[in-house]
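The values are calculated or read from the model by the stated rules, or taken from the named source; none is laboratory data. In this text the structure is predicted, and so the values were computed from the model without any measurement. All Cβ positions, glycine included, derive from the backbone under ideal geometry; neighbour counts span all protein chains shown.
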Amino acid sequence: MIELDFRGADSKFLGNENGLDIAQEFENYKDRIAEIITNLYKNKDADGEGLRWMDLGYSQETSWYVKEYAALVENRFDNILVLGIGGSALGGLAVTNALLTPYWNMLSKEERNGYPRIFFLDNIDPDEMNALLNILNLSKTLVNVITKSGDTAETMAQYMVLKDRLEQELGDDYRKNIIVTTDKKTGILRQISEQEGYKAFVVPDDVGGRFSVFTAVGLLPFALTGIDIDKITSGIKDMDSALQNPNIYENISAQNALIHYLMDTKLGKNITVMMPYSQKLKYVADWFIQLWAESLGKNQKLDGSPTCTGPTPVKAIGATDQHTQIQLFNQGPNNKIINFIRVGEFETTLNIPQIFQYTGIGYLGGKTINELINAEADSTLVSLIDYSRPTVTIKIPKIDGYHIGQLLYMLEMQTAIAGALYNVNACEQQSGSQARNYTYALMGRKGYEESAKALREKMLTV
Ligand code: PA5
């Protein structure tokens, strides 16, 4: 199982100004935490609570549909192209980057065991998009359009470009190269999909975009690229069983949620750094950033009263960011809590040959790259303690489907518990941001004429 080491956040090492008396805080909050966990499990099946992500490890139906479709199209496509943004892309990116062989898209078909390459278009940079379209053989590309709302401008604009290109190239057969993942009933994409007869998968009700990685949003791209989704779901289930325990002393999501909440509200450490020491986990950091930011960044408490909560998440990658951000973390404002993710066992052991005698680098020879990355993580941790900077360490035994399922689920639960501590609704799905509305206005969407006028006036005065 994944473990949490929170000694680096304790006042024993950091002093009272920068650390918490964790044993005492667990004692103080044990009843509140038990109440939060009990309520989460009590409310998970209730409509409108946004908690159905807690059921996803058990949802055999989706796994079954997804696997059936993946088997049906096996060997038909060389590329999967996912169109989606935010919660409709980041979970897929995080898991495929963690579980597929690095540089997957550069491997030959044989090296990929016949499974397709996978591309995520989660932005609308015209140069990037055009370049990708020029590379892909569209007749061998399966386009998965993912949008829960069905009208996200970025995704739908991409879809329109792709539909047009596919139609030009394949004639009426283009429909076989498009599948959609969207709401079961509502939304424009659902309507289009029914008219066009696309194969469609569902983003279930009461699962917000940032919690949707284990719905068809993620499971479909995973299955299509040969990732064993049963291993992922078995990791989720085991983690869920562990997290149902309302005892703070035994619940790592509750522990980490409480530590972060208190670090922010008591000690003013309102920046959460997510720092995996693993390149494979780099998009897990991006995924977490959205989860933490959109779930906790709120201007309303649960009772409707105004607030302004939300720790700011920051991404860092070990060892790379030791050379970019660590000086700031060590010496700059002491307003952060750094989450290390440490990998117990890498798949590969890579030796460093003994080829130089220079004192400055000779010591590296005969060691392994694995020893080096671990030594760097250890020394960074200790240097942060030297500067009284709080850390926690999440230990993942190895990067495989089982543990990735555990890791993501643990962080989702941590976020939900933190939301309850902050007294905000962490799992709600806000339908439209102000910026989204302004974009509609600028692009001439009907009904947004007044916003467009106001926006143009404001832009001139900025
Ligand atoms: O988590 C969220 O709510 C957002 O990041 C959405 O996932 C994102 O805006 C995309 O929305 P949709 O899936 O409706 O296209």
Name the residues in the range 113-123 that are out of contact with any Pro (no Cβ under 9 Å at 6 or more places or on another chain), closer than 16 Å to residue 70 by Cα and buried (at least 16 other Cβ atoms within 10 Å of the Cβ), would you?
115, 116, 117
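Quick grid of which residues meet (1) within 16 Å of the ligand (Cβ to nearest atom); (2) in the same structural domain as residue 181 (by TED's automatic domain parsing):
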position	(1), (2)
28	no, no
34	no, no
38	no, no
70	no, yes
83	yes, yes
87	yes, yes
96	no, yes
103	no, yes
Selection within the range 379-402 - of a type in the set (Asp, Glu) and loosely packed, with under 14 Cβ neighbours inside 10 Å:
386
Among the listed residues 254, 223, identify the single one that is small (Gly, Ala, Ser) and in the same structural domain as residue 172 (by TED's automatic domain parsing).
223
State all residues of the range 137-152 that are of a type in the set (S, T, N, Q) and within 16 Å of the ligand (Cβ to nearest atom); if no residue qualifies, say none.
144, 147, 149, 152
Listed by first then second residue, the pairs whose first member lies in the range 89-100 and is over 16 Å from residue 343 (Cα atoms), whose partner is within 16 Å of the ligand (Cβ to nearest atom) and of a type in the set (Asp, Glu), with beta carbons under 6 Å and at least 6 positions apart or on separate chains, are 89/122; 90/286
Which condition from (1) surrounded by fewer than 14 Cβ atoms within 10 Å (Cβ to Cβ); (2) in the same structural domain as residue 221 (by TED's automatic domain parsing); (3) in contact (Cβ under 8 Å) with a residue 12 or more places away in the chain is the one that residue 17 breaks?
(2)
Checking the condition outside any helix (DSSP H, G or I) and either buried (at least 21 other Cβ atoms within 10 Å of the Cβ) or among the small types (Gly, Ala, Ser) (or both), which residue from 360, 318, 405 passes?
318
The residue from 149, 139 that alone is part of a loop (DSSP other than H, G, I, E, B), out of contact with any Pro (no Cβ under 7 Å at 6 or more places or on another chain), of a type in the set (Ser, Thr, Tyr) and not assigned by TED's automatic domain parsing to the domain that holds residue 412 is 149
Step by step: first the residues of the range 174-198, then only those that are assigned to a helix (DSSP H, G or I) and among the aliphatic types (A, V, I, L, M), then the one that is nearest to the chain's Cα centre (by Cα). Which residue is that?
189
What are the residues in the range 164-189 that are surrounded by fewer than 19 Cβ atoms within 10 Å (Cβ to Cβ) and either away from the ligand (no atom under 15 Å from the Cβ) or within 18 Å of residue 119 (Cβ to Cβ) (or both), if any?
164, 165, 167, 168, 169, 170, 171, 172, 173, 175, 176
Tally, over the range 389-437, of residues that are acidic (Asp, Glu) and more than 16 Å from the ligand (Cβ to nearest atom):
1
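Does residue 155 satisfy the criteria of being touching a residue at least 60 places away in the same chain (Cβ under 8 Å), within 11 Å of the ligand (Cβ to nearest atom), surrounded by 19 or more Cβ atoms within 10 Å (Cβ to Cβ) and in the same structural domain as residue 220 (by TED's automatic domain parsing)?
When the stated conditions are applied, residue 155 passes them.
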Within the range 124-136, is even one residue buried (at least 20 other Cβ atoms within 10 Å of the Cβ), within 16 Å of the ligand (Cβ to nearest atom) and in contact (Cβ under 8 Å) with a residue 24 or more places away in the chain?
no
Against the conditions (1) in a loop (DSSP other than H, G, I, E, B); (2) of a type in the set (A, V, I, L, M, F, W, C); (3) within 17 Å of the chain's Cα centre (by Cα), where does residue 302 fall short? Just the number, please.
(3)
Select from the range 28-52 the residues that are of a type in the set (Asp, Glu) and closer than 17 Å to residue 410 by Cα and list them in ascending order.
none
Matching entry among 452, 416 (being outside any loop (DSSP other than H, G, I, E, B) and either β-branched (Val, Ile, Thr) or assigned by TED's automatic domain parsing to the domain that holds residue 242 (or both))
416
Selected residue (only one of 227, 192, 232, 236 is modelled with pLDDT of 95 or more and either more than 25 Å from residue 2 (Cα to Cα) or within 16 Å of the ligand (Cβ to nearest atom) (or both))
192
